[in-house]
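Q: Before we start, here is the structure in question, set down as structure tokens.
The values are calculated or read from the model by the stated rules, or taken from the named source; none is laboratory data. Since the model is a prediction, treat every value here as computed from it, not as a measurement. We place every Cβ from the backbone using ideal geometry, glycine too, and count neighbours over all the protein chains shown.
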Amino acid sequence: MKSLLTLIILATLTITPNANARDWTSADGTKTFRGELVEVEADQVTIRRSDGDLLTFDTALLSKADQEFLKESAAQPAAKGENTGGNSDWPRWRGADFSARSPDTGLLKRWPKDGPEQLWVYRDAGKGYSGPAIADGKLFTMGSRDAIVYLIALDANTGEELWASEITTLLRNNWGDGPRGTPTVDGDRVYALTGKGTLICAQFSDGKKLWSVNIEKEFGGKIPNWGYTESVLIDGDKVVFTPGGKQGAIVALDKMSGKKIWQSADLTDDAQYASLVPIEHDGKRQYMQLFSKSVAAVAADDGALLWRSNWGGKTAVIPTPIYKDGHVYITSGYGVGCKLIKLGGGDKVEDVYQNKVMVNHHGGVLLVGEHLYGHSDKGGWKCQNFMTGEEIWSHKGVGKGAIGYADGMLYCLGEKEGTVALIEASSDGWNEKGRFKLTPQSDIRADQGRIWTHPVVIGGKLYLRDQDLIYCYDVKG
């Protein structure tokens, strides 16, 4: 077996660029080289040099950050029924596979002193916290202009507005008016849910409304205190969402016509602020959702309740649940904490642990390898072991905020100052590789509002939002 130093020397003999290549670091941190990941099998990794030659060696020769990246490098499955279009699309909230991890590779591992290059700023998104959905070179989001909510399409590469389709009147709130949820792209259609509960299906090409429904009025829903924030799920022929209420908390419609398929009559919790996650367990396709007093799942074919686990949510529960290998992780703010449950056969559930290591308000948590990363109201930015719940490290970082992931790195956005930091996704600690501050910043943000839209990295670009301002940065290596 050749040493990693020998492999690095061989790898640097070629200067031909590779768009999918990334930087790799030796276990002792003293050497780096560039190459494209081909496969990981057992404890062996194969990397393609720019001249096409393949290098195969033990994963133990790489840094812990690279080893964690390798654990996530198995092909990320596309969300069923969604148009992903390869590695340049982010068609919904938390991406095509619901993980909040970008499939991008070959990105910057260290930023210049002033941060990555700002490519463009779009200045007319209006009020709101809606995130970006990106497909086929277009960016979709929502925002309110003059008390009207619009579904907005931009050129994802230039920031030019392509169209804006009127949906309904805006939700007003002391923490900021306007829509909260992120649109979902599916083929030639875009779906979006406003804070007041209007669900729209629009044409991808020009924003023409194909159908719409008010989920509060039609399905007995109850608008949460801060409005509906869910990003709707497209799964096969269905659009699925959570109006909440006694008629049934979760509803599935035919995505083409908007006609009801089923409503979960035996699950009647009020809607909160998380989004549905589709999972496969025990031979069943199911939709998982977090409520104030429980996390539960219903059958995808008829909405029947499959399992439920109690939760002690307070005021608001917001972060999207995480599923891996028969286990479900949830977390909430307001001092509540986090818990892991194990799904067994016959729809049985049992708690694995419950603690307050991660008390995540709304900035999100993501899983990389065996570790969770996110901001905790108790202790700052944290790394937590997924299976044991143990705290691995904590750091004040950029203050409270939201998180994204791409190519072995975490993108941490501070909600108060708009500071963005790049750190290694590693259980070794907060290893920062650059930071910058969003500029300009919105002058229409509510006094109680913050920069709450989550960062997205896709197609070599970092997308951020502060109300009316949408930013695009070049983060390619």
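Q: Taking the stated definitions as given, is G197 in the same structural domain as L469 (by TED's automatic domain parsing), in contact with a helix residue (DSSP H, G or I) (Cβ under 6 Å, 6 or more places away or on another chain) and closer than 22 Å to G449 by Cβ?
A: So G197 passes the test.
Q: May I ask you to verify whether Q289 is part of a strand (DSSP E or B), in contact with a strand residue (DSSP E or B) (Cβ under 7 Å, 6 or more places away or on another chain), buried (at least 19 other Cβ atoms within 10 Å of the Cβ) and free of Cβ contacts under 8 Å to residues at least 60 places away in the same chain?
A: yes
Q: Same structure, new question: Please find, among I223, I200, the residue that is aliphatic (A, V, I, L, M) and surrounded by fewer than 24 Cβ atoms within 10 Å (Cβ to Cβ).
A: So the residue among I223, I200 that is aliphatic (A, V, I, L, M) and surrounded by fewer than 24 Cβ atoms within 10 Å (Cβ to Cβ) is I223.
Q: Right, something else. Could you check G312 against (1) assigned to a loop (DSSP other than H, G, I, E, B); (2) under 19 Å from the mean Cα position of the chain (by Cα) and say which number it fails?
A: (2)
Q: Is it the case, given these coordinates, that I279 is more than 30 Å from L210 (Cβ to Cβ) and under 24 Å from the mean Cα position of the chain (by Cα)?
A: No, not satisfied.
Q: Residues to consider are S427, S394; find the one that is among the polar types (S, T, N, Q), in a strand (DSSP E or B), modelled with pLDDT of 95 or more and within 16 Å of L372 (Cα to Cα).
A: Of the residues listed, the single one that is among the polar types (S, T, N, Q), in a strand (DSSP E or B), modelled with pLDDT of 95 or more and within 16 Å of L372 (Cα to Cα) is S394.
Q: Something else now. Kindly evaluate A265 against the criterion of being part of a loop (DSSP other than H, G, I, E, B) and either among the β-branched types (V, I, T) or within 21 Å of G227 (Cα to Cα) (or both).
A: So A265 does not fit the description; no.
Q: Still on this structure, please answer the following. Could you check how many residues of the stretch 217-249 are modelled with pLDDT of 95 or more, charged (D, E, K, R) and in a loop (DSSP other than H, G, I, E, B)?
A: 3
Q: Residue under question is E230, and the condition is that it be surrounded by 19 or more Cβ atoms within 10 Å (Cβ to Cβ) and assigned by TED's automatic domain parsing to the domain that holds E280; does it hold?
A: yes
Q: Considering each residue of the stretch 322-334, count those that are buried (at least 18 other Cβ atoms within 10 Å of the Cβ) and either modelled with pLDDT under 95 or assigned to a strand (DSSP E or B) (or both), and give that number.
A: Looking only at that region, the number is 7.
Q: State all residues of the stretch 322-340 that are under 22 Å from D377 (Cβ atoms), more than 19 Å from the chain's Cα centre (by Cα) and of a type outside the set (K, R); if no residue qualifies, say none.
A: Y334, G335, V336, G337, L340
Q: Looking only at the stretch 209-229, which residues are at negative phi and small (G, A, S)?
A: Within the stretch 209-229, S212, G221 qualify.
Condition check ((1) closer than 28 Å to T25 by Cβ; (2) modelled with pLDDT under 95; (3) among the hydroxyl-bearing types (S, T, Y); (4) in contact with a helix residue (DSSP H, G or I) (Cβ under 8 Å, 6 or more places away or on another chain)) across all residues:
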position: V336; (1), (2), (3), (4): no, no, no, no
position: N360; (1), (2), (3), (4): no, no, no, no
position: V368; (1), (2), (3), (4): yes, no, no, yes
position: C383; (1), (2), (3), (4): yes, no, no, no
position: I403; (1), (2), (3), (4): yes, no, no, no
position: Y411; (1), (2), (3), (4): yes, no, yes, no
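Q: Under the condition of being among the aliphatic types (A, V, I, L, M) and not in a loop (DSSP other than H, G, I, E, B), which residue from the stretch 118-131 is nearest to P183 (Cα to Cα)?
A: Across the stretch 118-131, the extreme among qualifying residues is V121.
Q: When only residues in the stretch 421-449 that are surrounded by 18 or more Cβ atoms within 10 Å (Cβ to Cβ) and touching a Lys or Arg at 6+ places or on another chain (Cβ under 6 Å) count, which is farthest from Y129 (Cα to Cα)?
A: Result: S426.
Q: Within the stretch 132-161, how many residues turn out to be part of a strand (DSSP E or B) and either touching a residue at least 40 places away in the same chain (Cβ under 8 Å) or within 19 Å of the chain's Cα centre (by Cα) (or both)?
A: Here the count works out to 13.
Q: Any idea how many residues of the stretch 113-166 are over 22 Å from D89 (Cα atoms) and surrounded by fewer than 16 Cβ atoms within 10 Å (Cβ to Cβ)?
A: Matching residues across the stretch 113-166 total 8.
Q: Is it the case that some residue within the stretch 38-59 is modelled with pLDDT of 85 or more and in a loop (DSSP other than H, G, I, E, B)?
A: So far as the stretch 38-59 goes, no, none of its residues is modelled with pLDDT of 85 or more and in a loop (DSSP other than H, G, I, E, B).
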